[in-house]
1. Between ASN90 and GLN367, what length in nm is gained on full extension when 0.36 nm per residue of separation is reduced by their alpha carbon distance?
2. What list of ³J(HN,Hα) couplings, whole Hz, do you get for the range 264-271 from phi and the Karplus terms 6.51, -1.76, 1.60, once you set θ to phi - 60° and write x for glycine and proline?
3. So how far, in whole Å, is the C-alpha centre of the range 341-388 from the one of the range 266-297?
4. In whole angstrom, how far apart do the alpha carbon centroids of the range 184-202 and the range 53-95 sit?
5. Given a 1.4 angstrom probe, what's the average accessible area per residue across the chain, in square angstrom?
6. Of all DSSP beta bridges in the range 173-242, what percent run antiparallel (nearest 5)?
7. Of all accessible surface on the range 78-196 at a 1.4 Å probe, what whole percent is carbon and sulfur?
8. What full-extension length gain, to one decimal in nm, is calculated for ALA282 and SER229 as 0.36 nm per residue of separation minus the Cα-Cα distance?
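The values are calculated or read from the model by the stated rules, or taken from the named source; none is laboratory data. Remember, it's a predicted structure, so these values are computed and weren't measured experimentally. Cβ placement follows ideal geometry from the backbone for every residue including glycine, while neighbour counts extend to all protein chains displayed. Quick note on the areas: whole protein, heavy atoms, side chains included, nothing else; ligands and nucleic acids left out. Shrake-Rupley method; radii C 1.70, N 1.55, O 1.52, S 1.80 Å.
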Amino acid sequence: MLLQDPVALSYAQLLCSSTSNCSTIDVRSPGPVCLLNTDVSVPFTTNPGCTLRPNWVYDTAFAQLQRVTDSNAVFRFRRAGNIRLKATLNAGCRTYADSVTIGVSDAAARPQLGADTQFCPGDSIRLRAGAGFASYRWQDGSTDSILVARQPGTYRVTVTNACADQFSDTIIIRRVDVPLLSIGNDSSLCPGSSLALQASPGFDRYQWTLSTGETFSGPSITLNALRNSVRVRTEARTTEGCMSRDSVDLQIFNALSVQIGPDLSFCSGDSAQISAGTGFRAYAWSNGSANPSITIRNAGSYSVRVEDANGCVSRDTMVLEVSAIPEFDLGASRDLCTGESLTLDPGNFSQYRWQDGSTNRSFRATQAGLYVVTVTNSRGCSGSDSLRIGAILPAPSDFLQASTTLCK
């Protein structure tokens, strides 16, 4: 049954209005603990007349409270190390507390540096003797639980647990002999050429990386030169996992290109000069010439190979087509009789031009003189011929007697 409180006191005022019999608590160390998972009594005392039992605060990963009596708290310790146990008395308006730190060792624990090992040049190994020991001493006099080994050799640690037991362990560390990695020297390449890079042997895996972002694997690669210079980096790994690196720079020259012009076509008897230009240190034409330019007359393919100051080679080719001169015959020179004419016809061609400027295919000659025609075929080649009419001869006359007499 609930009754109304006429005084209207709060809960805290009611607690603090009564006098507690507890005012102190003292927790004492049980001494070093040398065995895990066994009952260990942690003694404590309170002031006379105090009947409260303390609450305990601790790391449950290290310890577990089993039971509490009027003068002892029984714990089981799970792990080695230093653990802090704190006891508190809640006396209402005040809390009293005390704590103790206990060194816990495992009598079965030993330092474990691991099996003998090896490391790569420039590497280091962190040697861990293990936690939970009271003291550590390494062969170099250091006293931390961890030692960083940077040189090959024999390493030894001696540990002392909380119960004054000493144990030691030793490890031998050897350095791996890593062969020198070499992929050659810096080189210069002409565009379009290729270069084979071979890495030195003695490694298990090779990884190549170009500054252009491409990657390759294997002990050798072949690179085709494009337009831009490139850096080649190589990483090689031994069977023990040790790395070695090397790099080369490949400079790509800006090669001069050669152009000898487009294909040509002209008529028989003509000629043309083609040039590879200047600025090259060597020329080699398909006809054997070593000059910058050549004169061509015959049909065929003409090519040139040039070499610039860096030794880079460029080539070009052109084709010459030669068309034949038109051939025809107007006939032999002759005379004409009075009233006679001669039709001159050179044959079937694309164009005609006679001595008088006319452009018909045929020409009718009626007078003495020189008759000349120039014809042009479909390839644009021209040829000429001529015929002379020497004289216009009169017709025979007065070759019969004017009269004669016949006998009957």
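1. 84.2 nm
2. 10, 8, 8, 8, 4, x, 7, 8
3. 37
4. 73
5. Numbers: 25070 Å² over 408 residues.
Per residue, the chain has 61 Å² of solvent-accessible surface.
6. On the way: 14 of 14 bridges.
Counting only bridges with both partners in the range 173-242, antiparallel ones make up about 100 percent.
7. Details: 2760 of 6540 Å².
Reported share for carbon and sulfur atoms: 42 percent.
8. Details: separation 53, 0.36 × 53 = 19.08 nm, distance 2.51 nm.
Value of the extension gain: 16.6 nm.
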